[in-house]
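One structure is given below, encoded as structure tokens.
Nothing in this text is a laboratory measurement; each read-out follows from the coordinates by a stated rule. Note that the structure is a prediction, hence the values are computed from the model and not measured. Positions of Cβ are generated from backbone atoms using ideal geometry, with glycine treated the same way; all protein chains shown enter the neighbour counts.
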Amino acid sequence: MRSESCDIFCKVVDNYGDIGVCWRLARQLANEHGLNVRLWVDDLRSFGKLCPEVDAALGTQHRRGVEVRHWGADLRAVVPANLVIEAFACKLPESYVMAMAAQQQKPVWLNLEYLSAEGWVDGVHGLPSPHPVLPLTKYFFFPGFTEKTGGLLLERGLLERRDAFISDSGAQGRYWQGLGVPERVAGELRVSLFGYENEAMVELLRTWEQDAHLVTCLLPEGRSLPQVAGYFGLRDGKAGEVWQRGKLRVHVLPFVEQERYDELLWACDVNFVRGEDSCVRAQWAAKPFIWQIYPQHDGVHLEKLEALRARYAEGLPPEAAQAVRDLWQAWNGGADIAGAWRRFIGQRALLAGRSKAWAQQLAQNNLALNLLAFSRQVA
Ligand code: TRH
């Protein structure tokens, strides 16, 4: 089957991960694979952070090749698409499910799951879940890091664009100039910092302040900002501000539209990322990265953290693999971030090489292509 039309349903739980993934997938299916995509989103304001042209007052609008619908209105009159993607088990409206069941050719119905590097994902990706009453089957589609999973979202040409940017000093110079960041000095390290509130923040900032070389921290507006501002004795800050103490200089950046965030990751030497989508982007950036995983009450997130760490660090010498473990743990509730940071930076060259090979390996497993192949197979 060739799915000509696709409905993606997204509920914004919190932050930008849910809509971040859905928006990326929607654009890719529409612009790279020619599907007519409707993206149903319950919270257009959050969406507007990733795509500033989104007007929260409009029920229907067309943005970057995608029909964006506010999911709130009655869907009874809507004819379902032939590929239906329910993101993160967000639960489709009853009337819409009934309309799916009433179609002569039943739509392919996928639940796009959260990302995890844990081994159990291999065994559940693609499993069917027949509807208890209606003639419909929902399939679980898991993104992931092995061939037995659905892979990762990767736009066409992204790695080539990354390489072109990284090898073009002029493009990088213009990028930094646009942000108001001065030219690099000898030994300087540029670090992007996108995270949640973090108990290790003060110690990390102090470590950078006391470094032998300049550490330039690029800090997008958001949840980490008040904490970093507090370190400088301020209550809060805003984009454009620059703060310096010792060897640490912080540039507060605006939260940019989603397509522009990659450049920041490409331009920095080391990236702190969080959640789900920025973590994947850091892996495509092929630079050493530190993941602040979205915390869950029962602590299961730490298993997820370690699962990705173990895959990423495979093949690294034990000392380098341990340095990644120490810093990721310290940044996710563990101890001694100062020591962990120094050991991590000591392994920087090795980690940079590994990051590049890792991105290359992951690129073989493209989520959008897999998803379309899977939907054809089960149609
Ligand atoms: O915003 P998040 O913390 O989202 C989280 C996670 O996805 C988590 O797994 C989920 O359960 C929870 O939400 C509900 O982190 P994430 O996933 O990295 O999403 C951030 C998005 O913001 C990502 O698409 C990148 C984008 N972004 C920009 O578009 N511009 C920016 O300037 C920055 C810093 C990020």
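General remarks:
- Translational diffusion of segment 1-146, µm² s⁻¹ [Kirkwood Rh, Cα pairs; Stokes-Einstein; 10 °C; 1.306 mPa s]: 101
- Segment 158-362: radius of gyration over Cα atoms, expressed as a fraction of 2.2 N^0.38 Å: 0.96
- Simple label model, 7 Å out from Cα along Cβ direction - Arg376 to Glu314, nm: 2.8
- Cα-based helix-to-principal-axis angle, 337-346 vs the chain, degrees rounded to 10: 90
- Neighbour cut-off at most 16 other Cβ (10 Å), DSSP loop, trypsin sites (Lys or Arg not before Pro), segment 92-195: Lys148, Arg156, Arg184
- Within the chain, Cys6, Cys51, Cys90, Cys217, Cys268, Cys279 have no other Cys Cβ under 4.7 Å of their Cβ and so lack a disulfide-compatible partner by this rule.
- Three-way shape call for segment 257-320 based on the alpha-carbon gyration tensor, with the a/c threshold at 1.5: oblate
- Shown in residue order for segment 174-190 are the 3J(HN,Hα) couplings computed by the Karplus curve 6.51 cos²θ - 1.76 cosθ + 1.60 at θ = phi - 60°: 5, 4, 5, 4, x, 8, x, 9, x, 4, 5, 10, 4, x, 5, 10, 10 Hz (x for Gly and Pro).
- Amide H within-cut-off set for Thr146, under 5 Å, with H built and near neighbours excluded: Gly151
- Annotation: extensible slack from His131 through Glu147 equals 3.0 nm (criterion: 0.36 nm per residue apart, minus Cα-Cα distance).
- Sequence-ordered 3J(HN,Hα) estimates for segment 201-208 from the Karplus curve with 6.51, -1.76 and 1.60 and θ = phi - 60° stand at 4, 4, 5, 5, 5, 5, 4, 5 Hz, glycine and proline given as x.
- In this structure, the pairs whose alpha-carbon distance is over 25 Å, taken from Lys49/Lys148; Lys11/Lys238; Lys247/Lys287; Lys238/Lys287; Lys11/Lys138; Lys148/Lys304, are Lys49/Lys148; Lys11/Lys238; Lys238/Lys287.
- Cα-based shape type of the chain, given that a ≥ b ≥ c are square roots of the gyration tensor eigenvalues and the cut on a/c is 1.5: prolate
- Ala89 versus Gln172: modelled label distance in nm, points set 7 Å from Cα along the beta carbon direction: 4.3
- Net charge in the neighbourhood of Gln244 (other residues with Cβ under 15 Å of its Cβ; Lys, Arg +1, Asp, Glu -1) is +1.
- Take the Cα of Ala357, step 7 Å toward its Cβ, do the same at Val13, and the gap between the two points is 3.4 nm.
- Phi to ³J(HN,Hα) by Karplus 6.51 cos²θ - 1.76 cosθ + 1.60 over segment 51-56, Hz, x for Gly, Pro: 9, x, 6, 5, 9, 5
- Relative contact order computed over the chain (Cα-Cα under 8 Å; 6+ residues apart), in percent: 15
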